[in-house]
Each structure stands twice: as structure tokens, then as C-alpha cells.
1. Return yes or no: is B:Ala278 in contact with a Cys (Cβ under 7 Å, 6 or more places away or on another chain), part of a helix (DSSP H, G or I) and at pLDDT 95 or above?
2. Can you tell me which residue among B:Ala249, B:Ala272, B:Ala290, B:Ala294 is on the phi < 0 side of the Ramachandran plot and part of a helix (DSSP H, G or I)?
3. Of B:Tyr248, B:Tyr224, B:Tyr271, B:Tyr208, which residue is among the hydroxyl-bearing types (Ser, Thr, Tyr) and buried (at least 24 other Cβ atoms within 10 Å of the Cβ)?
4. How many residues does segment A:192-210 contain that are more than 7 Å from every other protein chain (Cβ to nearest Cβ) and closer than 13 Å to B:Glu312 by Cα?
5. Applying the selection to segment A:9-34, what residues are of a type in the set (Val, Ile, Thr) and either over 19 Å from A:Ser205 (Cβ atoms) or more than 11 Å from chain B (Cβ to nearest Cβ) (or both)?
6. Can you give me the number of residues within segment B:218-263 that are basic (Lys, Arg) and within 8 Å of another protein chain (Cβ to nearest Cβ)?
7. If A:Ile55 meets every condition in (1) under 18 Å from B:Ile177 (Cβ atoms); (2) within 10 Å of another protein chain (Cβ to nearest Cβ); (3) under 23 Å from the mean Cα position of the chain (by Cα) apart from one, which number is that one?
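The values are calculated or read from the model by the stated rules, or taken from the named source; none is laboratory data. Quantities reported herein were computed from a predicted structural model and do not represent experimental measurements. No Cβ is skipped: glycine too gets one built from the backbone with ideal geometry, and neighbour counts run over all protein chains shown.
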Amino acid sequence: MQKKLPLFLVLVTGIFGAVTYFIPHHSIQAVDETIRNDVMRIIAAFSLVLGVGSILQHHFTKIQRKAANWQYSWITVVTLFVSAIIGLFGGIDPTHPGILPTHIGNFSFHIQTLFVNMMIPLAATMFSLLAFFMASAAYRAFRARNFSATLLLAAAFVLMLGAVPLGRMIFHPLPSFAEWILAVPNTAAKRGINFGVQLGIFATSLKILLGIERGWLGGG
Amino acid sequence: MALSCIVALLLCSLSPPGSVAARDVPNDGGGNILVTWTASPDSDIVGYQVLRQTRGDTTWDTLTFAGRRATSYVDDAARNGVQYQYKIIAESNTEAAEAPVSGYATAVPQWFNFDSVPGLIGTVILSFILLYFINRARKNRNLFIRRISGLDAVDEALGRATEMGRPTLYVAGLSSIADVATIASLNILGEVAKKTAKFGTPLIVPSYDPIVYTVAREIVKESYTSVGRPDAFTQDIVFFVTDQQFAYAAAVDGIMTRERPATNFLIGMFYAEALILAETGASTGAVQIAGTDAVSQLPFFITACDYTLIGEELYAASAYLSREPLLLGGIKGQDYSKALIVIVIVVGTLLALAAGLPIANYL
């Protein structure tokens, strides 16, 4: 029963989801919309509780065992509670105040203020690391070790040169050639991969619907 | 007053648009009426007023002001079963000219989208091919499947982690459970978890999405139980981190540098954080097996990881690792479906080329 019920639900909702693609009638689309949005949202809300439980359990275990760098776990737990209290009771921003005072003089620490002034800069910092990682990855990728790597190096050289004015000054048709590399061989390769991907998605979906693929149930 | 109107009409030199027609939009869920007209021949037109009147009403509602090149408008605010007629007024900067009113039209919801018939035919053909090979796999259990080096390396990579006494990290991507790539990744996680449970290698599965976390936890638990090691499963193996993209990347980078896993699996859907994770993993000296169907992230994984499952290989991995005959039959079916698509593309290209040649006259 523990396995048959999920399989039955997957079969019914999966077939229904596929059928809605062919039936545009609003009565069917409305049910589909409800399943996709409302039901998924309810499930997500429950799983979020499990997620928060997982964070707390994971970090409290670390603190309890005094595992390596356990002090950082305190920061995570305290931040989680503080942001939850501010988010739930402190209001969203100065125009939507909550029941708790979330400002000291002109300094506001509403949840939106915290998000904009802490989360976004921290995320931007992580994102900007990408530039350095790209440089180190490019250095490794563009070493002409074999024919494929040499071809990659040559194509990258042409593309980079074709994208700057210097490229046109050196050789007039270079930008057009760079564009051709992107539009023809590159697109052809991408489409080839995409065909395989779409077929893989189709086959996986069919196998899951028919209960042949049960890895998502933990096997068996 | 009447005289001034007659004078205005006599002085109006603007040509009105012609042939105003209204009809239900086909193959939709209702609520849409398509209004078409032929453009006014005057070059000083600035646009067209589209007006609607419900049958029985006397007033006209303005729907939109369409640009000078427009010759159609979809009224998406129509109520099903209600009759409407439409009026188009061409306007220049100084004048306006009204076309004859359209006939009545009614929006009707459809029970079948005939535009999707090619999709339906394709679905039926591909399903038939897949089911045929799955069925054949029931009888002949020794199907030949080409080698996928990234998957052949799984045992070796996990063995290395076991020998070194270091953990294995499994990242199931940054997408939701609604993404098939995530489901494919979770299928692979099940097989990897069976092996780590067998070898006694610690496994770390930080999750990005709360639903994926819940499913991943059950899969790993089930895998540990299926190989007779339920005691080895702890709640610490799979845990939820955050659903913020770069916060998650920072957390996983932290795990890589602190715990120094001997093997990293980066399998599923990835976005801009792909290279951040893969390069950090490479810098710790871990064996890295990546797999994604995100074409834009594949070059980063190929560069920074030891093995990369490209596109469809991600979907074949679960079958390849489990060696389950029915699943392998599905891969065989995929390969034949691909061959069919290649044939259709080649034949279509040849026909398209032939259409441009003089031979087309004789076809």
C-alpha cells in the first residue's frame, strides 16, 4: 500500500496532466491550475516546515556534539529565529509595519530592509566570484592538449576577437565569421543535445507513469 | 448641429478600414474573439480604435487603440456564450473614419485542441516505440547498451572515497521536484546511496528545495534499508540548507572545503552557480561526476569536472546503474526514437531542398 498509493496517484495525475495539453476547455484547465498551483503550494508549505525542522535538527546536533566549526551553527539558528520573528511580527517594510517596533530612530530593520541590505549584497558577492572561476576554468579548458582542445581554443579565440572592434580592424569578415560559429555549428550541437534531452524527459516520464521507474520511491 | 455633422462628413477625406469580421478563436478554452480588418489605404493613419458592443446594449466599449500596422485584435475579455459585435475606427491626427460594424460573434470553449494533433501523433509513436522495447526487454534480458564513462566511474569514485575515509557529496541540482532533471537526479541518488551504504562511506546530501529534501531523505532511507543497512541511515545525511541560489552555493562550497569529500556528484538542474560549485570541488582535489540537461552549464562542468553526463545520459543513468532490464529497454527505445527523428529531419531537409529545385514542378 505504501508504494501502490503513490504509484496510483502518479498515474492518475500524470495522465491528467498530459491530457490537459490536448483539452483547452476551461473546466479542465481550471482543475489543472488548481493541482499545479494550490495543491503544490499546500504541499510546499508542509515541506517547508519539515525543511526548517531539518535545519534546526542539523545545527542543534552539531552544537550538541561540538562538531568542527559548531559556533557557526549558533549564528545560523539565531539568524533563523530573529528573521522569522521580524518577518512574522515586524512588518514587511516601513509602509507595512507589524506589531513589533522594527526601527531605532531612522534606522529600520524590517524584513525587506534586511533582505535588500544583507541577502542581496551577500548573493552578489558569491555571484561575482564567478568571474574569477571563469578565468581559472578558461585557463584549463583552453590548453591545447589535443585536437578537440585546440579546436575549442581556436573557436574561442575567434569568438572573443570577433566581439571587439579590434577584430574587425585586423580582418574585416571576422565578426561575421564569429556570428556564423555561434549561429550554425554551435546551434546545431545545442539542438542535437536538446533532442536527446527531450526524448530522455519523455521516456523518464512514461516510465514513471507506468511504474517501471521507481527510483524516486527509493527503488524496488 | 445637424448641418455641422453633414459638413464634417463631407470634409472628411480619411478612408475607413474595410472588411471588419469577428469570429471565435479556434482551439482555445473560450473567452477569446478574433477581430480582423483590412488596413485603411491612407498613409497618415496613426492607429485604430477597437470598440465592442454586447447584443442588446446601446453603448460601445473601447477595448484598445491598435497601432497603424495592426489588422487584427484578440478580445480576451469576452464572456463565453455572449454575442458581441465590433467596430473599428481609423484615426489620423486630425480625422477619424469608421468602418461598417462586424457581424455578431460568440466565444466558445473547445474540448480538443486540433493544433496539438502533430504532438499527439508524435506522442503516440514515441510511446509505442518505448513500450515495444520495454516489452522486448522482458523477454531478452541481455540488451546491449553503450558504455557511459561517467557512470562507469561511479564505483571507482565511491571506492576512492571509502579508501580515503572521506565522505561523498551529492548535490541534486537547484530546481524543484516538478523538473524531470531533478527526478532523474533523485533516481541516481537512490543507486549512489545503495553503494555508499554497502561500502560504509559517509554520504552528504544538502538540499535546495524543501520538497526535494523530503523526497531525497525518503529515497536515501529506503536505499539504506534495501541493502540491509538501515542502522547506517541518520537524519544528518540529507538536510535542507536554503532555497536562495547563492546562499546555497556558499553553503555547499563551505561543505566542500571543510569536509573535503573525496567524491562530488553534481547531478540535476544547475544555473549560474554551476561553475562556482565545480571549481571549488576541483580545488579540493575531489573526483567530480556532473550531469545536467542545462546546455548553457555543460561547458563549465566539462571543464571543471572529471566526468560529465551530457543531456540524455542524465536520464539513462538510473537504468545504467541499476541494470534493471525494463529500464534498459527504455534506453533502447530512446535510441531508436532518436534514429527515427534523424530520419525525419534528413527526409524533411531533402524535401525542403527539392522544393526549391526545378524538380519541384514534377512532384
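1. Working: in contact with a Cys (Cβ under 7 Å, 6 or more places away or on another chain): yes; part of a helix (DSSP H, G or I): yes; at pLDDT 95 or above: yes.
Yes; evaluated as a whole, the condition is true for this residue.
2. On the way: B:Ala272 fails: part of a helix (DSSP H, G or I); B:Ala290 fails: part of a helix (DSSP H, G or I); B:Ala294 fails: part of a helix (DSSP H, G or I).
On inspection, the qualifying residue turns out to be B:Ala249.
3. Only one candidate qualifies: B:Tyr208.
4. 2
5. Going residue by residue through segment A:9-34, those that are of a type in the set (Val, Ile, Thr) are A:10, A:12-13, A:15, A:19-20, A:23, A:28, A:31, A:34.
Result: A:Val12, A:Thr13, A:Ile15, A:Ile28, A:Val31, A:Thr34.
6. Residues meeting the conditions: 2.
7. Tallying (1) under 18 Å from B:Ile177 (Cβ atoms); (2) within 10 Å of another protein chain (Cβ to nearest Cβ); (3) under 23 Å from the mean Cα position of the chain (by Cα), A:Ile55 fails exactly one: (1).
One line per residue, one yes/no per condition, for (1) within 11 Å of chain B (Cβ to nearest Cβ); (2) assigned to a helix (DSSP H, G or I); (3) modelled with pLDDT of 90 or more; (4) surrounded by fewer than 14 Cβ atoms within 10 Å (Cβ to Cβ):
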site: A:Thr113; (1), (2), (3), (4): no, yes, no, no
site: A:Met119; (1), (2), (3), (4): yes, yes, yes, no
site: A:Thr125; (1), (2), (3), (4): yes, yes, yes, yes
site: A:Leu129; (1), (2), (3), (4): yes, yes, yes, no
site: A:Phe132; (1), (2), (3), (4): yes, yes, yes, yes
site: A:Ala137; (1), (2), (3), (4): yes, yes, no, no
site: A:Thr150; (1), (2), (3), (4): no, yes, no, yes
site: A:Leu153; (1), (2), (3), (4): no, yes, no, no
site: A:Ile212; (1), (2), (3), (4): yes, no, no, no
